[in-house]
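The values are calculated or read from the model by the stated rules, or taken from the named source; none is laboratory data. The structure displayed is predicted, hence computed values, not measured ones. A quick note on method: Cβ atoms are made from the backbone with ideal geometry, for glycine too, and the neighbour counts reach across all protein chains shown.
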Amino acid sequence: MSDQNLSILIGIIGTLLGTLLGWILNSINHIGKLKFYISQWNEEIMKIDEIGNSVECNPDQSEWYNYKIILDIYNKSDIPKIMRDINIRFVENQNVLYKEVPDDDKTKRFSAAQAWYDKVEPLTIQPKTIQQVVLRSSVDTRKNKSLFAYNSIWLVYNDNRNISRRILIYKR
């Protein structure tokens, strides 16, 4: 084999290896995950007293249960990530006691002394950014007394590949 043919062969092999290495490095950049930090978790067990005020109480007397969670979500990858079908689950030993789609605090609307919220919709987290999300809800415990038997609370969502992901929010 002549030197000219050998240098052409080395050039072709180098080009193919360079393309393969570029593809591998690009794939590695897309692997990054979402990282979650729970900034705040609040819960209130409430009832209406004799004069019509909302007061905190024990679970046996409760009429509703309020929660609010503030999440900081960081996207480590180089591509946008999506969170869809977001829900909160109250779990006791792997059994889901209660599941719901929480309200998005950004959709808050006022009318007189009342506030309304819309359910959280799919979220897109841009690459290398932190997005703060505030989720809340109020659960009627007159219909869901078993809710208080939970020993953990999870945020569950489907990612951009439609794989279900779980984030532990609270554990007793």
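In the same structural domain as E43 (by TED's automatic domain parsing), touching a residue at least 60 places away in the same chain (Cβ under 8 Å) and closer than 23 Å to N58 by Cα - does that describe any residue in segment 119-136?
Yes, there is a match, as at least one residue in segment 119-136 is in the same structural domain as E43 (by TED's automatic domain parsing), touching a residue at least 60 places away in the same chain (Cβ under 8 Å) and closer than 23 Å to N58 by Cα.
Can we say A149 is touching a residue at least 40 places away in the same chain (Cβ under 8 Å), within 30 Å of N58 (Cβ to Cβ) and small (G, A, S)?
yes
Say whether the condition of being under 25 Å from N160 (Cβ atoms) and touching a residue at least 24 places away in the same chain (Cβ under 8 Å) is met by at least one residue in segment 46-69.
Yes, because at least one residue in segment 46-69 is under 25 Å from N160 (Cβ atoms) and touching a residue at least 24 places away in the same chain (Cβ under 8 Å).
Take the conditions in contact with a Lys or Arg (Cβ under 7 Å, 6 or more places away or on another chain), at pLDDT 85 or above and part of a strand (DSSP E or B) and apply them to K68. Does it pass? Spell out how you get there, then give the answer.
Details: in contact with a Lys or Arg (Cβ under 7 Å, 6 or more places away or on another chain): yes; at pLDDT 85 or above: yes; part of a strand (DSSP E or B): yes.
Answer is yes for this residue.
Taking segment 140-162 as the search range and keeping residues that are under 21 Å from D105 (Cα atoms) and crowded, with 18+ Cβ neighbours inside 10 Å, which one is farthest from the chain's Cα centre (by Cα)?
Step by step, filter segment 140-162, then rank; the result is I153.
For segment 69-112, what are the residues that are buried (at least 17 other Cβ atoms within 10 Å of the Cβ) and either in contact with a His (Cβ under 6 Å, 6 or more places away or on another chain) or not assigned by TED's automatic domain parsing to the domain that holds T124 (or both)?
Matches in segment 69-112: S77 only.
Check every one of the strands (runs of 3 or more DSSP E) wholly within segment 85-129 and list those with 3 or more residues that are basic (K, R).
Working: elements: 95-100, 103-111, 114-119, 123-125.
Result: 103-111.
Can you tell which of K35, K81 is touching a residue at least 60 places away in the same chain (Cβ under 8 Å), within 26 Å of L168 (Cα to Cα) and of a type in the set (K, R)?
That would be K81, the only listed residue that is touching a residue at least 60 places away in the same chain (Cβ under 8 Å), within 26 Å of L168 (Cα to Cα) and of a type in the set (K, R).
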